[in-house]
Amino acid sequence: MFFLYNLVAYFAELLLHLFALFSPKIKLFVEGRKDVFKILGNKITPSDKTIWFHAASLGEYEQGLPIMEQVKTKFPNHKMVLTFFSPSGYEIRKNNAVADVTIYLPLDTPKNAKRFLKLVKPEMVFFIKYEYWPNYLKELQKKNVKTFLISGIFRKNQAFFKWYGGFYRNALKTFHHFFVQNHTSKELVQSIGFNNVTVAGDTRFDRVATILEKDNRLDFIESFCDNSTPDSKKTTIVIGSSWPKDEELLIDYINKTTHNLKFIIAPHNIKSEQIEKLKTAITKKTVLFSEMAGKPLSEYDIFIIDTIGILTKIYSYADIAYVGGGFGHPGVHNILEPATFGVPIVIGPNYSHFAEATALVHQEGCISIKDQKEMNQALDLLVQNLDERHEKGHICSTFVQMNKGATEKILNLI
């Protein structure tokens, strides 16, 4: 089975170089891996002690950040190596403050795994949520390196739990301990013979809870919202990580609503042509982040954020939040960031893969909609009914606070 897996890995590497000629994202994926071993050779010396964290993408990085920060504090003499698989994680967080070395993870071939671990020499390894690379895990097992899964999620449709999944089950033998998010995951792992598993919860709750302790002010958002007097205050709806299907419904609502509202839109895709298409479709007075200099922001109704990295702070200004992605697959984006600020949330219909979204819909802090009519009803309800808005917001903030503590559980057991 390893032979077939490695054969596929080698062919994939060749195909990626071909596809990189036509896809900017795949080009980043390929180009970003060219100098990985050179970077490691320059930044890690034979005498260095290291700890390695691996995140598939941006979401997993945010999930692992509380653990990374605490581990860095507890092991100040170790260098921290952070790897990403996806460009959408690496390109946004390549200049993070927590890791000493941030790089792409080389593709999972026997040669790459051996070379990578020979250079890094980690004393501990943390895989965040998922991604199980058999060659890396095999080498870690050979070297008896303590390897942990944090904020893990397992589902019964994964290969580990199928009759043909022996190859993948063997890879799990590398892990010294599984820290999973829920009891379903624990039971699944135990069903295939692993008892080194603890339900620790989701470290994202710890991360978003600490956001409240930070300075979330943005002068330009304050100017746009113009809450300087009671008479000037308007209800602000923040639309985060929206996709075209979300925007189709939202634009219809924005153009037709008669309520006195302000909208801040932070699309998932900030390519210029997509932003221009969005701006053109809106009939109300609209300003872009990239063009705001010198403009009287308070006079605009719509503020389109065509940049990255500030959405979390923007949620602190929301009276209502719409979080995008719920009309696609696997589904809705991160709802915990607006939730921690006590903001009621509206999302699309595809959220079942996300435990926090499922829980908040069940608890009625979050409203799921499936079409234009339900979109209009949900937003009108939250705009017009202050009691409903505040109650749902309170449910959201309480939900975050009640689910904190995963980081402490993991660190205590490690």
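The values are calculated or read from the model by the stated rules, or taken from the named source; none is laboratory data. It should be emphasised that the depicted structure is a prediction, and the values quoted were computed from it without experimental measurement. Note: ideal-geometry Cβ built from the backbone for every residue, glycine included; neighbour counts use all protein chains shown. Protein only, heavy atoms only, side chains kept; ligands, DNA and RNA dropped before computing areas. Shrake-Rupley method; radii C 1.70, N 1.55, O 1.52, S 1.80 Å.
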Worksheet item: Restricting to the stretch 69-87, what's the tally of residues that are open to solvent by less than 50 Å² (accessible area, probe 1.4 Å) and over 21 Å from residue 45 (Cα atoms)?
Response: 3
Discussion item. Can you confirm whether residue 363 is in contact with a Leu (Cβ under 7 Å, 6 or more places away or on another chain), open to solvent by 30 Å² or more (accessible area, probe 1.4 Å) and at pLDDT 95 or above?
Written reply: no
Item to complete: Name the one entry in 350, 334 that is over 25 Å from residue 94 (Cα atoms) and assigned to a loop (DSSP other than H, G, I, E, B).
Response: 350
Practice prompt. Please work out which residue is most open to solvent (accessible area, probe 1.4 Å), limiting yourself to the stretch 338-347 and to residues that are free of Cβ contacts under 8 Å to residues at least 60 places away in the same chain and assigned to a loop (DSSP other than H, G, I, E, B).
Written response: 342
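Restricting attention to the stretch 93-104, and to residues there that are under 28 Å from residue 405 (Cβ atoms) and crowded, with 16+ Cβ neighbours inside 10 Å, which single residue is modelled with the lowest pLDDT?
So, considering only residues that are under 28 Å from residue 405 (Cβ atoms) and crowded, with 16+ Cβ neighbours inside 10 Å, the one modelled with the lowest pLDDT is 93.
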Worksheet, complete the sentence: Among 295, 284, the single one that is more than 17 Å from residue 267 (Cβ to Cβ), more than 23 Å from the chain's Cα centre (by Cα) and surrounded by fewer than 24 Cβ atoms within 10 Å (Cβ to Cβ) is 295
Item to complete: For the stretch 231-244, enumerate the residues that are in contact (Cβ under 8 Å) with a residue 60 or more places away in the chain and more than 18 Å from residue 335 (Cα to Cα).
Response: 232, 235
Response to the item:
Expected output for the stretch 265-287 (first residue closer than 18 Å to residue 323 by Cα, partner among the acidic types (Asp, Glu) and at pLDDT below 95, Cβ below 7 Å, 6+ apart or cross-chain) is none
Worksheet entry | Condition met for residue 174 (closer than 24 Å to residue 397 by Cα and among the hydroxyl-bearing types (Ser, Thr, Tyr)) | no
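Take the residues in the stretch 55-94 that are of a type in the set (S, T, N, Q), over 19 Å from residue 334 (Cα atoms) and in a helix (DSSP H, G or I); name whichever of them is farthest from the chain's Cα centre (by Cα). If you could, list the steps in order and put the result at the bottom.
Here is the first cut: in the stretch 55-94, the residues of a type in the set (S, T, N, Q) are 57, 63, 70, 73, 77, 83, 86, 88.
If we keep only those that are over 19 Å from residue 334 (Cα atoms) as well, we get 70, 73, 77, 83.
Retained after the next criterion (residues that are in a helix (DSSP H, G or I)): 70, 73.
Values: 70: 19, 73: 23 Å.
Going through the qualifying residues, I end up with 73.
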Worksheet item: Taking the stretch 366-387 as the region of interest, how many residues are open to solvent by less than 10 Å² (accessible area, probe 1.4 Å) and outside any loop (DSSP other than H, G, I, E, B)?
Response: 5
Practice prompt. Would you be able to say whether some residue in the stretch 272-288 is assigned to a strand (DSSP E or B) and either among the basic types (Lys, Arg) or over 25 Å from residue 382 (Cβ atoms) (or both)?
Written response: yes
Fill in: Within the stretch 1-51, tally of residues that are of a type in the set (Gly, Ala, Ser), touching a helix residue (DSSP H, G or I) at 6+ places or on another chain (Cβ under 8 Å) and surrounded by fewer than 16 Cβ atoms within 10 Å (Cβ to Cβ)
1
Worksheet entry | Of all residues in the stretch 384-402 being in contact with a helix residue (DSSP H, G or I) (Cβ under 8 Å, 6 or more places away or on another chain) and not charged (D, E, K, R), the one that is nearest to residue 320 (Cα to Cα) | 396
